[in-house]
Amino acid sequence: MATAAALLTPILCMPGAVSAKSHKNSLSDKVNSREQPNVIIILADDLGYGDLECYGAKNVSTPNVNRLAEQGIKFTNTHAVAATSTPSRYSLLTGEYAWRRPGTDVAPGNAGMIIRPEMYTMADMFRNTGYRTAAIGKWHLGLGDKTGEQDWNAPLPSGLADIGFDYHYIMAATADRVPCVFIEDGKVANYDPEHPIRVDYRRNIPGEPTGKDNPELLYNMRSSHGHDMAIVNGIGRIGYMSGGGKALWKDENIADSITSHAIDFIRSNAGEPFFMYFCTNDVHVPRFPHERFRGKNPMGVRGDAITQFDWSVGEIMRTLDELGIADNTLVILTSDNGPVLDDGYDDQAEELLNGHSPTGPYRGNKYSAFEGGTMVPAIVRWPKGVAGGKESDVLMSHIDWMASLGSLIGARLPEAAAPDSRQRLGNLLGTDTTDTPWVVELASNHTLGVRTKDWKYIEPNDGPAMIQWGPKIETGNNPMPQLYDMSSTKGETENVALIHPQVVFDMQNILRRVRST
Ligand code: NG6
Ligand code: CA
């Protein structure tokens, strides 16, 4: 490892900003494609900034993630693009702000493909640069041509192969949305011809029980809001469904299924560069971890789901170690959006916090325009190319990862690709601690915010201060401009917009400029 690190140090660990051009040239000149690092993005779901032990989590231990952080860089100022899943993932994978595109809000399980085949994705970028590519786990970006028109009993007419993934084993949307089956390479995995699948998001399928009408059929997790349509495995879901038979997932086995498919993909591709987009269901609702993770902490199933997430991370790390490829594999661990406690099932997440703060010090939660909506953990480990054991408070956004990783692998992107993604590879690899000038954040009500290193601006919004449709979460709405001094310990508690009109105006101009490009 020392020799390899020494070899790459002059190329990859130069101090100061690494320009796209110089980096691309140095890489293509000196590193042949066989030496390209493997890249794994581990994207947790609704995992908060404060939910990992290495970020100060209470009551739950995350030894594998801790080790990843110790061997890599732990970032303390990284922002997801949006405070919910679909727009966050859309932006990460395309390098385009989701708010530029209609139809990128939280998708139903029968959404048609939201990233259209003609778009250039991060997966296209890796594939076109000689990588084998895979998406495993939660997808939530639609499948097939048109919303509601999929035939789940036949191969889907368009899918992930059209946007750069050589292999996929995914959940169409979320664990709380039908269809509750895995899709493998465009078809329902373990398809059961005896139990054809029907999915409908408007009306129930005749004869099927629902959470609303048949609560007696629900297992111990009652809905606190929504989730009262189809009942699958005794859990109420969003959307109606019938059939599935042996193809239906078992909620307690989701982490095992996706982790074992991830390991298989790594094993089969260990000899060539690969890119794996690995998205866990943990710690999204319904939280139904395997019994071997249950009862390991005082926080109930939400804590158990964090333990299960840590296990998945550990299995991937162990596989890389066993195959001897950990050294040249860049692992990036992060989350799609901020945390939420009661997200529609009565699972005691709130009551059992026992002093734990899922958002760490930040205000708001998933959905919110406050920092709790988009501030996420981010860890980067690459023994061969990144000096580990560091912490970095450099300002980063997921939006910039596509251009940055493209630069790392020497990819040449087509003209219109990744329009919002800035090349910030030096930030990601810890060689450049210059903050990106600003990042833009999208709340679930479409309010935009801007973060700079020192300030947070939230544009005015007349809507209610609290979410009205379920979770008890502050939206961040305020009819007046909000400006917060993030360099002060007061953070988002004291609106200083009236005291700093120039800063407010500068932030508004950033948004104006970004919107009009
Ligand atoms: C909400 C769901 C919530 C969750 C969220 C998407 C209800 C009442 N709430 O609409 O449970 O599924 O959508 O979460 O249905 S995300 O992390 O995938 O964006
Ligand atoms: Ca999420």
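The values are calculated or read from the model by the stated rules, or taken from the named source; none is laboratory data. This structure is a prediction, so every number in the text was calculated from the model and none was measured. Note that we place each Cβ from the backbone using ideal geometry, even for glycine, and neighbour counts take in every protein chain shown. Keep in mind that these areas ignore ligands, DNA and RNA; they rest on the heavy atoms of the full protein, side chains included. Shrake-Rupley method; radii C 1.70, N 1.55, O 1.52, S 1.80 Å.
Worth a mention:
- Residue, nearest to S397 (Cα to Cα), within segment 423-436, restricted to residues that are open to solvent by 10 Å² or more (accessible area, probe 1.4 Å) and touching a Gly at 6+ places or on another chain (Cβ under 9 Å): Q423
- Positions within segment 150-174 being more than 16 Å from ligand 1 (Cβ to nearest atom) and open to solvent by less than 30 Å² (accessible area, probe 1.4 Å), in sequence order: Q150, W152, L156, S158, G159, L160, I163, G164, F165, H168, Y169
- For segment 344-363, a tally of residues being open to solvent by less than 10 Å² (accessible area, probe 1.4 Å) and in contact with a Ser or Thr (Cβ under 9 Å, 6 or more places away or on another chain) returns 2.
- Inside segment 358-403, residues that are among the polar types (S, T, N, Q) and either without any contact (Cβ under 8 Å) to a residue 24 or more places away in the chain or part of a loop (DSSP other than H, G, I, E, B) (or both) make up a count of 4.
- Per this entry, G373 is counted among residues that are farther than 16 Å from T62 by Cβ, among the small types (G, A, S) and surrounded by 24 or more Cβ atoms within 10 Å (Cβ to Cβ).
- Of the residues Y191, Y201, Y240, the single one that is within 25 Å of the chain's Cα centre (by Cα), surrounded by 15 or more Cβ atoms within 10 Å (Cβ to Cβ) and more than 30 Å from T307 (Cα to Cα) is Y201.
- Single residue of I258, I263 found to be closer than 18 Å to L320 by Cα, open to solvent by 10 Å² or more (accessible area, probe 1.4 Å) and either within 17 Å of the chain's Cα centre (by Cα) or among the β-branched types (V, I, T) (or both): I263
- Taking first residues from segment 415-441 that are farther than 19 Å from G385 by Cα and partners that are surrounded by fewer than 22 Cβ atoms within 10 Å (Cβ to Cβ) and of a type in the set (D, E, K, R), the Cβ contacts under 6 Å between residues at least 6 apart in sequence or on separate chains come to D435/K453.
- Of all residues in segment 294-318 being part of a helix (DSSP H, G or I) and charged (D, E, K, R), the one that is farthest from the chain's Cα centre (by Cα): R318
- Condition check for H140 on (1) closer than 22 Å to A369 by Cβ; (2) more than 13 Å from ligand 1 (Cβ to nearest atom); (3) not in a helix (DSSP H, G or I): one failure, at (2).
- From the list R127, R89, the one residue that fits, being part of a helix (DSSP H, G or I), within 16 Å of ligand 2 (Cβ to nearest atom) and either touching a His at 6+ places or on another chain (Cβ under 9 Å) or not hydroxyl-bearing (S, T, Y) (or both), is R89.
- Restricting segment 480-495 to residues that are more than 17 Å from T374 (Cβ to Cβ) and of a type in the set (S, T, N, Q), the residue that is least open to solvent (accessible area, probe 1.4 Å): S488
- Residues located in segment 340-350, provided they are touching a residue at least 12 places away in the same chain (Cβ under 8 Å) and either more than 10 Å from ligand 1 (Cβ to nearest atom) or not in a loop (DSSP other than H, G, I, E, B) (or both): L341, Y345, D346, D347, Q348, A349
- Within segment 297-329, the residues that satisfy the criterion of being more than 16 Å from ligand 1 (Cβ to nearest atom), aliphatic (A, V, I, L, M) and closer than 21 Å to Y49 by Cα are M299, V313.
- In segment 205-237, the qualifying residues are those that are polar (S, T, N, Q) and surrounded by fewer than 17 Cβ atoms within 10 Å (Cβ to Cβ), and the one that is nearest to D342 (Cα to Cα) is S224.
- Listed conditions (1) under 22 Å from the mean Cα position of the chain (by Cα); (2) within 24 Å of K384 (Cα to Cα) are all met by D321, apart from (1).
- Scanning segment 266-276 for residues that are part of a strand (DSSP E or B) and out of contact with any Leu (no Cβ under 9 Å at 6 or more places or on another chain) yields F274, M276.
- Wholly enclosed strands (runs of 3 or more DSSP E) of segment 413-481 bearing at least 1 residues more than 22 Å from the chain's Cα centre (by Cα) and either modelled with pLDDT under 95 or within 16 Å of ligand 2 (Cβ to nearest atom) (or both): none
- Taking residues in segment 59-86 that are more than 29 Å from A443 (Cα to Cα), and partners anywhere that are part of a loop (DSSP other than H, G, I, E, B) and basic (K, R), the pairs with Cβ atoms closer than 9 Å and at least 6 places apart or on different chains are S61/K296.
- Residues in segment 338-368 that are at positive phi, within 16 Å of ligand 2 (Cβ to nearest atom) and of a type outside the set (G, A, S): Y367 alone.
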